[in-house]
1. Residues with beta-carbon under 13 Å from that of A:Ala337, excluding A:Ala337: net charge, scoring Lys, Arg +1 and Asp, Glu -1?
2. Provide Rg and Dmax in Å for the range A:104-215, with only Cα atoms included in the calculation.
3. Which Cα, out of A:Ala280, A:Ala35, A:Ser475, lies furthest along the positive dipole direction of chain A (beta carbon charges, K/R +1, D/E -1)?
4. Rounded to the nearest angstrom and ordered from largest down, what semi-axes does the equivalent ellipsoid of chain A get from its C-alpha gyration tensor (root of 5λ)?
5. Take the residue pairs A:Lys225/A:Lys310; A:Lys353/A:Lys391; A:Lys111/A:Lys567; A:Lys490/A:Lys567; A:Lys291/A:Lys578; A:Lys225/A:Lys535 and return only those whose Cα atoms are more than 28 Å apart.
6. Which order do peptides A:162-169, A:254-261 fall in by mean Cβ count within 10 Å, highest first?
7. Is the C-alpha gyration tensor of the range A:319-411 telling us rounded, prolate or oblate? Criteria: a/c under 1.5 is rounded; beyond that, a/b larger than b/c is prolate, otherwise oblate.
8. So what is the relative contact order of chain A, in percent, for Cα pairs below 8 Å that sit 6 or more residues apart?
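No lab work stands behind these numbers, since they all come straight from the coordinates. What you are looking at is a predicted structure, and each value in this text was computed from that prediction instead of being measured. Methodologically, a virtual Cβ is constructed for each residue, glycine included, from the backbone with ideal geometry; neighbour enumeration extends over all protein chains shown.
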Amino acid sequence: MQGEHVTAQVRETGEIPLSRSASWQRTVWCGDLRAEHAGQQVVLNGWVAHRRDHGGLIFVDLRDRSGIVQVVFDPQIDAEAFRVAESLRAEYVVAVTGLVRRRAPGMANPKLATGEIEVEGHKLEVLSKAKTPPFPLDRPLQVDENLRLRYRYLDLRRPEMQAGLILRHRLAQRARQYLNARGFLEIETPMLTRSTPEGARDFLVPSRLNPGTFYALPQSPQLFKQLLVMGGLERYYQIVRCFRDEDLRADRQPEFTQIDIEMSFPTREDVLQLAEGLMAELLDEAGIEVKRPFPRLSYKEAMLRYGSDKPDLRFGLEIQDVSDLFEQSSVQVFARAVATGGVVRALVLPGGKELSRRELDELVELAPRWGVPGLIWIIVEESGLRSPVVKYMSEGEQIALRERLRAKTGDLICMMAGAEGKVAPAMGRLRLHLAEKRNLIPASRWEFLWVLDFPLLEWNEEERRLQAVHHPFTSPVEEDLELLESEPLKVRANAYDMVLNGVELGGGSIRNHRRDVQERLFALLGIGPEEAQEKFGFLLEALEYGAPPHGGIAFGFDRVVMLLAGKETIRDVIAFPKTQSGTDPLTGAPAAVDPRQLAELHIICHG
RNA sequence: GGAGCCGUGGUGUAGCGGUCUAACACACCUGCCUGUCACGCAGGAGAUCGCGGGUUCGAUUCCCGUCGGCUCCGCCA
């Protein structure tokens with residue numbers, strides 16, 4: 001890029017080149033100008049951000065990717081340039097030739113990086129006129145997102161949007177640099193691949209050459225990266241687009257980007273260290289220092305203490321088990337829960353006495369939406385506990401509860417009882433709800449953690465079968481291997497998830513490199529020998545030709561950028577994202593196609 | 001598949017059964033203005049209140065449906 005060269009020269013020598021090959025081409029970027037450049041002749045290219053017309057003097061804020069600089073047009077300096085400046089409007093694209101000069105004392109603008117100087121306009125050329133933009137580009141944004149997406153090229157001119165994409169670029173480069181330095185090779189994998197059972201819904205691509213058959217876009221390059229290490233490439237990475245045809249969320253798009261990593265002969269520890277190092281590097285790029293090693297929690301402990309497999313550790317409100325205190329209780333919901341193998345869990349909101357009766361009732365009403373029938377609140381008063389249920393609780397239970405929870409006067413205790421699988425996540429929701437409501441989440445903290453020892457399998461009630469928690473290629477923990485057929489739900493996986501501030505950033509595992517184990521897993525997942533052979537035969541076969549032990553991890557790159565850019569949705573760090581209904585208002589995708597195209601693809605559409 | 005919130009000049013909002021002939025700010029247009037930087041001043045133009053139906057003497061306002069956006073649940077190995 002010529003512009004980059006311009007910048008390099010300016011930064012290294014402070015000298016701005018006199019000209020480019022064409023007279024209107026920039027010799028320096030707007031945002032690079034400083035007091036040291038005063039007295040130098042420059043040519044600027046950019047967009048008119050603002051025009052302030054004082055009648056006899058016109059100020060123009062000229063914007064390019066690097067920033068904004070003020071250009072002054074004075075009829076006594078150049079009458080022709082002044083005349084052209086009078087015709088300028090917002091977003092006109094111009095070339096300005098002029099002289100950098102220090103602003104008069106008291107005239108500097110501390111809000112601008114270039115505020116010490118301004119450019120005296122000598123020549124002004126309009127390269128491109130512009131209609132009035134449909135929404136303002138110069139102030140904190142509050143515009144319907146549909147409109148922003150329809151005019152994405154305008155939205156992208158906003159410095160805030162550019163900052164997100166620039167950070168994204170820098171993070172991607174830093175990741176590559178880190179992995180390159182550790183012997184990882186960036187290798188591309190197919191976008192047109194085969195659909196496999198398990199996992200998310202695939203996007204399908206019809207094959208013209210093979211009527212009635214379809215490619216699938218990859219949900220991730222999982223199998224290919226395993227085949228690459230089996231192919232002896234040892235260390236692989238890719239910053240790669242992945243596709244999943246599921247419903248969208250603020251942090252989920254149908255196409256998204258992963259930093260995908262796989263290596264040969266690693267221990268779990270090797271992968272964790274590599275991943276921590278990578279994240280530390282990326283946060284450093286964003287000017288954030290992180291504490292290492294990252295704390296680790298087992299899945300079980302995470303569910304107990306935080307009611308989530310991706311706990312937000314920026315605040316407390318830890319959940320505690322109090323089942324044992326209520327085995328014999330006259331509080332029926334508690335006693336019955338314990339008697340039927342369930343649990344009683346509690347958390348303390350310090351100072352929660354401030355909540356109004358109305359707010360407490362609201363919590364009770366929310367409980368069913370979190371999947372449990374109810375919630376019991378107890379306020380710790382100086383005189384004792386106050387709660388609708390307190391009359392059923394014995395003196396001993398009250399004392400034991402307070403001591404166990406270390407609840408102080410003025411605190412609120414929230415409790416739920418029932419099956420552990422229901423209560424734990426509901427308590428997790430409650431914990432997040434209270435933290436948000438009470439503003440307990442500090443914005444500028446960066447709390448990483450690893451969640452380890454996930455179960456390998458879980459029961460899918462709807463399909464009445466076992467399914468992989470992570471994916472079917474994850475290996476079981478060695479000691480648990482013998483339980484695989486007898487007690488499959490107790491088998492732990494060699495898997496790990498990295499969490500930052502309650503957001504799942506990435507996950508991975510040590511894979512199966514033994515065919516027999518992989519086949520046993522397929523069998524448990526209800527994939528019989530024939531189906532396994534048909535759909536995964538290539539993998540099973542590869543496992544027989546000297547597959548090294550291997551494992552890796554993949555990060556949701558959009559989420560990393562989102563968090564580091566301080567955004568609330570990954571759409572703000574993706575140049576051209578889709579709406580929640582999966583459409584692109586800019587291009588109109590998805591759209592109907594010509595019947596001839598369908599015919600060629602051997603496709604007939606219904607409805 | 002489900003729940004919630006939103007939809008009013010170009011943008012963001014106010015109005016929540018009748019002086020609404022729809023208000024305000026910004027943007028836009030015209031004029032004035034030589035030190036502004038979200039310039040200022042004066043004037044002007046610009047809206048079938050997302051769409052369809054219903055209730056009512058009367059609907060931007062209430063109800064139902066529908067479309068679109070967002071948030072969430074389900075879903076996302």
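1. -1
2. 24.0, 76
3. It is A:Ala35.
4. 53, 36, 23
5. Exceeds cut-off: A:Lys490/A:Lys567; A:Lys291/A:Lys578.
6. Ranking, from highest mean packing down: A:254-261, A:162-169.
7. Oblate, because a/c is 1.5 or more while a/b does not exceed b/c.
8. On the way: 1143 pairs, mean separation 74.9, N = 607.
Relative CO of chain A lands at 12 percent.
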